[in-house]
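Here the structure comes first, spelled out in C-alpha cells, and everything after it is commentary.
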Amino acid sequence: MRVFVNKELCIGCEACVDICPEVFEIQDDLAVVKIDDDVPEDLEATVEEAAEACAVEAIIIEE
C-alpha cells in the first residue's frame, strides 16, 4: 500500500497525525506522508483508519 495526501484538500486538522504518527506529520500547516515507500504491513490498518477519519478525504490510498 502507498499513501498520499492531497495538499489542495488538506486543512491540517491533524486527525491523521493523532491516529498514525508513524506515517503522517504536519509541515507548513498541512499533513504529509513521512514514508517514501510502501507502508509497512503492520501500519496499514492504522493508515486506513486515518484516511477514514480525514474530515476532507484528503488521504489517498493506493493498493
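Things to note:
- Normalised by the number of residues in the chain, the mean separation of alpha-carbon contacts (under 8 Å, six or more apart) gives a relative contact order of 47 percent.
- Rounded FRET efficiency, nearest 0.05, which uses the C-beta distance separating GLU63 from GLU25 and R0 of 22 Å: 0.45
- Virtual spin-label span in nm between ASP18 and ASP42, 7 Å along Cα→Cβ: 2.5
- For the chain, taking the reciprocal of the average inverse distance between every pair of different Cα atoms yields a Kirkwood hydrodynamic radius of 11.2 Å.
- Restricting the chain to trypsin sites (Lys or Arg not before Pro) in coil, as DSSP defines it, with at most 14 other Cβ within 10 Å: LYS7, LYS34
Each reported figure results from applying straightforward, stated rules to the coordinates on display, with no laboratory input. Values in this document were obtained by computation on a predicted structure and should not be read as measured data. Don't worry about glycine lacking a Cβ; one is built from the backbone with ideal geometry, like all the others, and counts go over all protein chains shown.
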